[in-house]
């Protein structure tokens, strides 16, 4: 009989998934902010036809860099997950990446995978090995 993970194995799986997703996002945000710079990212967004390129570039850069770092720590996971889901929906729909699967064909596999990971974290939370859990645990202990 197949069962879902619970307890420590579940929390370790959440930790690994959250950290890996955070690293990928952080790397992309770092690239946008420090490799391409704001002007380069805005220019690339303009060429791709992304609406409001300066606003979109700033949003994507900040959500990916800071949000990725927060996911690594497991802090504000619910809020970050919502912002990442919106970021990836925007990335897919404004660039036309929803029309194909593979990245080499301008497909959505990267955005889709990040979106699903963020959506799962939104639904199940950061897990026990996170700052979110530490903060929630303290609040529960104080109110008890």
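The values are calculated or read from the model by the stated rules, or taken from the named source; none is laboratory data. Being a predicted model, the structure only gives us computed values, none of them experimental. Positions of Cβ are generated from backbone atoms using ideal geometry, with glycine treated the same way; all protein chains shown enter the neighbour counts.
Considering (1) more than 25 Å from residue 136 (Cα to Cα); (2) within 14 Å of the chain's Cα centre (by Cα), the lone condition that residue 21 does not fulfil carries the number (1). Taken over the stretch 21-39, residues that are touching a helix residue (DSSP H, G or I) at 6+ places or on another chain (Cβ under 8 Å), without any contact (Cβ under 8 Å) to a residue 40 or more places away in the chain and surrounded by fewer than 15 Cβ atoms within 10 Å (Cβ to Cβ) amount to 1. Taken as a whole, the condition of being surrounded by fewer than 16 Cβ atoms within 10 Å (Cβ to Cβ), within 10 Å of the chain's Cα centre (by Cα) and either at pLDDT 95 or above or part of a helix (DSSP H, G or I) (or both) applies to residue 86. Quick check: anything in the stretch 65-75 touching a helix residue (DSSP H, G or I) at 6+ places or on another chain (Cβ under 7 Å) and either loosely packed, with under 13 Cβ neighbours inside 10 Å or more than 24 Å from residue 19 (Cβ to Cβ) (or both)? No: the stretch 65-75 contains no residue that is touching a helix residue (DSSP H, G or I) at 6+ places or on another chain (Cβ under 7 Å) and either loosely packed, with under 13 Cβ neighbours inside 10 Å or more than 24 Å from residue 19 (Cβ to Cβ) (or both).
Go through 101, 12, 79 for me and flag whichever is touching a helix residue (DSSP H, G or I) at 6+ places or on another chain (Cβ under 6 Å) and either in a loop (DSSP other than H, G, I, E, B) or surrounded by fewer than 16 Cβ atoms within 10 Å (Cβ to Cβ) (or both). Of 101, 12, 79, the one residue that is touching a helix residue (DSSP H, G or I) at 6+ places or on another chain (Cβ under 6 Å) and either in a loop (DSSP other than H, G, I, E, B) or surrounded by fewer than 16 Cβ atoms within 10 Å (Cβ to Cβ) (or both) is 101. Looking at the stretch 109-124, can you tell me whether even one residue there is crowded, with 18+ Cβ neighbours inside 10 Å and either modelled with pLDDT under 70 or assigned to a loop (DSSP other than H, G, I, E, B) (or both)? No, the conditions are met nowhere in the stretch 109-124.
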